[in-house]
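Some notes on the structure that comes next.
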């Protein structure tokens, strides 16, 4: 059955109204998940606490009972930092040191273009960290100086 123009427009308006009349608040989606995530975190910390308690009890028993659950923070912080910079702690140098080089506005730096590939081949991928679209962080001042001299920023 072929629809008339009037019926096609009516169906289109209904479809358009259905698509854009839905209100989706992102905060409401997390309301139900909050207790579940809290329960998972308490479960993981409880398992960790039990393992550390048994290890401490059968070795030297030097930690008080209330310090044992806090031993998860160094391990947890390792996983957080490893998510951003990689699992190898030798690649975590941008957290602590490095020399920032800001590119001028006339030549914005774009990651993964030909200019960036040239810089990576020249200095090596473990000695360069891209902070944002117009900032590069070099591991040593020598590399930053050579970059400045070659590119005359």
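A few notes on this one:
- Kirkwood Rh and Cα Rg combined as Rg/Rh, region 35-87: 1.07
- Footprinting exposure proxy for 40, 81 (fewest neighbouring C-beta atoms within 10 Å first): 40, 81
Read-outs throughout are calculated quantities, based only on the coordinates presented, and are distinct from any laboratory measurement. Since we're looking at a predicted model, the values are computed, not measured. Positions of Cβ are generated from backbone atoms using ideal geometry, with glycine treated the same way; all protein chains shown enter the neighbour counts.
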